[in-house]
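J.: Sharing a structure with you now.
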Amino acid sequence: MRRSWTYSTVLIVVLAAVIQAQRAPSTGVRTLANVRELHDLLISPASDAVFNAATDPPTDAKGWTAARGQALVLAESANLLMVGSRVRDTNNWMKMSRALVDAAALAATAAEKKEPKALEAATDAITVACMNCHQPYRDGGRRMGAPK
């Protein structure tokens, strides 16, 4: 009797595991690029484009649309820093990544409104967000810029 109870228990546990595995989602977020790759592929080119637009403001609607698009790429790339295995910690990393999202959103709004001064101010916010994150996470505590 005890043996049949043990087999029944094992059978129930195995069936529960199989059912749970079938219910587990096979879709959802799957990160592929690491933080460095996001910077190389998305963040650096987008921020360069936004900084260039602030330095030499667009002269037509197409240029402003392109600047806004790059600001959006920058904002959404910063969102990607807060997903999956890229998250370094759930406190400062998330706050700093969100600061970049917010700064890039300011740039997107400035470009949408075709406001060069606001775009320039947004690039200041982007610079601060980048510096605040790079110092502890990328640069090992040293200030952003060329090594000394």
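J.: For the stretch 35-138, what is one quarter of the convex hull surface built on the Cα atoms, given in nm²?
T.: 5.8 nm²
J.: List the aspartates and glutamates whose Cα lies under 20 Å from the Cα of Lys62, skipping any in the same chain that are fewer than 8 positions away.
T.: Asp48, Glu112, Glu115, Glu120
J.: Through the Karplus equation 6.51 cos²θ - 1.76 cosθ + 1.60, θ set to phi - 60°, convert the phi angles of the stretch 67-82 into ³J(HN,Hα) values in whole Hz; use x for Gly and Pro.
T.: Computed from phi, the couplings for the stretch 67-82 are 4, 4, x, 5, 5, 5, 4, 4, 4, 5, 5, 5, 4, 5, 5, 9 Hz.
J.: What is the sum of charges around Leu81, taking Lys and Arg as +1, Asp and Glu as -1, for the other residues whose C-beta is under 15 Å from the C-beta of Leu81?
T.: Residues near Leu81 contribute +1 overall.
J.: Compute the distance in nm between two label points, each set 7 Å from the Cα along the Cα-to-Cβ direction, one at Thr65 and one at Asp124.
T.: Here the answer is 3.1 nm between the modelled labels.
J.: So who's got an amide H within less than 5 Å of the one on Asp139, skipping anything under 5 residues away but keeping other chains? H placed 1.01 Å off N, in plane.
T.: Distant-sequence amide H within range of Asp139: zero hits.
J.: What nm distance separates the two modelled labels at Asp102 and Val29, each placed 7 Å from Cα along Cα→Cβ?
T.: 2.0 nm
J.: In straight Cα distance, which aspartates and glutamates are under 13 Å from Lys114, not counting same-chain residues fewer than 8 positions off?
T.: Answer for Lys114, where 13 Å is the Cα cut-off: Asp56, Asp60, listed by chain and number.
J.: Taking 0.36 nm per residue of separation and subtracting the Cα-Cα distance, what length does fully extending Asn52 through Lys113 add?
T.: Result for the pair: 20.3 nm of gain on full extension.
Computed from the coordinates by the stated procedures, all read-outs in this text should not be read as laboratory data. What you are looking at is a predicted structure, and each value in this text was computed from that prediction instead of being measured. Cβ sites come from the backbone with ideal geometry, for glycine too, and all protein chains shown count toward neighbours.
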